[in-house]
Amino acid sequence: MNFQLRLPLSILGIFLLALGGCNSGSKNQSAETTNSQATDSTATASQEVSLPAKADFQNTISGKKTDLYVLKNKNNVQAAITNYGGRLVSLLVPDKAGKMTDVIVGFDKLQPFTEGADTYFGALIGRYGNRIAKGKFTLDGKTYTLATNNGPNHLHGGKVGFSRVIWDANQTNDSTLVLTYVSKDGEEGYPGTLTSKVTYTLSSANELKIAYEATTDKKTVLNLTNHSYFNLNGAGSGTILDHQLQINADRYTPVDSTLIPTGKIEALAGTPLNFKKATIIGDRINDTHQQIKFGKGYDHNYVLATQRSATLKPAAAVLGDKSGIYMEVSTQEPGIQFYSGNFMTGSNQIKGGKKDEYRSAFCLETQHFPDSPNQRNFPSTVLAPGQTYKTSSVYKFSVKQ
Ligand code: GLA
């Protein structure tokens, strides 16, 4: 609503600037002056990119209303989130020329999100981000069986997961959206009634914060994350292979051929998986290293810490080679999954009439390590009644010339 008011205001701004320019000469000159003086990216923004239409997300599914919620800040950065799977649908940030760019790859209407195999575009993932071996884990002597929806393994919460449920949404102000979801005891095979609250906040410093909270009435396991696919040159602008990536990790959790961790925590130094120093993503992505072969590119958990931290810590940073858009990820989580879009096939039509081409997006999923419920060495993902699961991650945007 306020967002709709903004457009006329920015047009008024251009008009006033143009009037100022008129003092010094002809109509043409004043138009030029207006363009070069348009440091307020608002003006450029509303002309260059737009958010998906709210109406294209409004529906009723299983008796619950779906919608698209828009957060915005004073720099006209805007985040559009749907309560269908709590998905980040669009994020408009300025590039090095001040042109607003949508850095989120995914659909621009609800329907394709609800159909076919889940791409997890922009989704909140739960109850368990990434894989659990053979869809089984044991807690206090009892074995729980989950869906095996990824070869022999359980992936991203199962058949429906949190990415395809309708969250209750409450937009408390221009910059905050609170989503809640109560998962029933036994849902997707997990024990305990789990109440989750996820808060998206857009700050005036161009940071999108995702804060997660959850409680349970029975002991359970939990690993919530967000599965946004980023292309910092803009959605649909080609591969991310020339983006530069830095990950603040010295170690990672190597996997087997089904992408289940072996349980070892190994050094990254000397391997083509090392991003301690900022490196172009495509430089080593076709290396013959066994781990790159298993991942079909990068699809690995990087070890940031040995446990959840009380405060946010820098985890990764990415630079869009064409746009100059620089994204810094910080998190309280001990791990981050770097996925280089190896399973993207171009079979889905995404926003702007483009296709989700091979490696045209990357994900940086802040998380506990995959398969932790079956791995003694890994930080625990158990949540007990009386405890509150609390974690957050921030994606901060700026530019580098
Ligand atoms: C995660 C997994 C990948 C893949 C994507 C979704 O990042 O680690 O293997 O499943 O989600 O396609």
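Worth pointing out:
- Computed from backbone phi, the HN-Hα couplings of the range 112-128 come to x, 5, 8, 10, x, 5, 6, 7, 6, 3, x, 7, 7, 10, x, 6, 10 Hz, rounded to whole numbers (Karplus: 6.51 cos²θ - 1.76 cosθ + 1.60, θ = phi - 60°; Gly and Pro given as x).
- Of all the options K277, K134, K96, the one that moves most in a Gaussian network model of the chain with Cα springs shorter than 10 angstrom is K277.
- Dipole orientation for the chain: of the candidates V394, G263, M100, G263 has the Cα lying most toward the positive pole (charges on Cβ; Lys, Arg +1; Asp, Glu -1).
- Scanning residues 5 or more positions from Y229 or on other chains, those with amide H under 5 Å from its amide H are V105, G122, with H placed 1.01 Å from N in the peptide plane.
- Once backbone amide H atoms are built at 1.01 Å from N, L383 has T220, V221, L222 as its partners under 5 Å, excluding neighbours fewer than 5 places away on the same chain.
- Computed on the range 285-401, with alpha-carbon pairs under 8 angstrom and 6+ residues apart, the relative contact order is 28 percent.
- Evaluated at q = 0.07, 0.09, 0.11, 0.14 Å⁻¹: base-10 log I(q)/I(0), Debye formula over Cα of the chain: -0.33, -0.53, -0.78, -1.24
- List V178, V221, ordered by accessible area with a 1.4 Å probe, largest first: V178, V221
- Apolar share of the accessible surface for the chain: 51 percent from carbon plus sulfur atoms, 1.4 Å probe.
- Nearest-ten-degree value, helix 27-37 long axis tilted from longest Cα axis of the chain: 30 degrees
- Amide H within-cut-off set for Q78, under 5 Å, with H built and near neighbours excluded: L92
- Here the relative contact order of the range 154-290, from alpha carbon pairs under 8 Å that lie six or more residues apart, stands at 14 percent.
- Structural descriptor for the chain: relative contact order 16 percent, calculated from alpha carbon pairs under 8 angstrom and at least 6 residues apart.
- Across the range 228-233, coupling constants 3J(HN,Hα) worked out from phi with the 6.51/-1.76/1.60 Karplus curve, θ = phi - 60°, read 5, 9, 9, 9, 6, 8 Hz, and Gly and Pro carry x.
- Annotation for the range 329-401 versus the range 269-302: alpha-carbon center distance of 17 Å.
- Accessible area expressed per residue, the chain, with surrounding protein chains retained (probe 1.4 Å, Å²): 42 Å²
- For the range 213-298, Kirkwood radius (reciprocal of mean inverse C-alpha pair distance, Å): 15.4 Å
- Karplus 3J(HN,Hα) series, Hz, for the range 257-265 with 6.51 cos²θ - 1.76 cosθ + 1.60 (x for Gly, Pro): 5, 9, 6, 9, x, 6, x, 7, 10
The values are calculated or read from the model by the stated rules, or taken from the named source; none is laboratory data. Keep in mind it's a predicted model, so treat the numbers as computed, not measured. Cβ atoms come from the backbone with ideal geometry, glycine included; neighbour counts cover every protein chain shown. Accessible surface is based on the protein model in full, side chains and every heavy atom, while ligands, DNA and RNA are left aside. Shrake-Rupley method; radii C 1.70, N 1.55, O 1.52, S 1.80 Å.
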